[in-house]
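Structure first, then comments.
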Amino acid sequence: MPEEVVPQGRSTDLLAKIAAFLGIMSTLIGVIVSVSSWRVKTSLDRIDSQLKARSTAIEESKERVARYTWVRSLFADLTDSDPQKRAFALSVIQRALSDDEAKKLFAALNTSKDENLREAGQAGLQSSLTQDFLSN
């Protein structure tokens, strides 16, 4: 059987079409991979940002708990019979807590059944009011 002779122009056209098709396909695949990579990176950045925010909130919470524990350790000094020791503990507590936290604590102490704690609450509230008045 005689071999079929393909004119050279036809085989070149076919190869050119295949090469063009492969070029277009590789470009499309590259674009798809780039878009996918961008979406994954955006998602990872968002997740990383959320994790950092949660980590910061946890650290702030730990710091607050440590302060509250330390302030709680000073309650024995608030019931001490020595007025200087009570005044010092009251002052230290005011410095350790935020204004809002201190006011809430002193308001709660003001309702205590223990007379020394109630007096400490009253003194703390008066001191807070004085500081508010002087700062305005």
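Each reported figure results from applying straightforward, stated rules to the coordinates on display, with no laboratory input. Note that the coordinates shown come from a computational prediction; the quantities given were computed from them, not determined experimentally. FYI the Cβ positions are ideal-geometry reconstructions off the backbone, even for glycines, and counts take in every protein chain you see.
Here are a few things to note about the model shown:
- Pairing residues of segment 65-89 that are in a loop (DSSP other than H, G, I, E, B) with residues that are of a type outside the set (Gly, Ala, Ser), at Cβ distances under 6 Å and at least 6 apart in sequence or on separate chains, gives 74/93; 79/116; 80/86.
- Taking first residues from segment 103-122 that are β-branched (Val, Ile, Thr) and partners that are part of a helix (DSSP H, G or I), no Cβ contact under 6 Å between residues at least 6 apart in sequence or on separate chains turns up.
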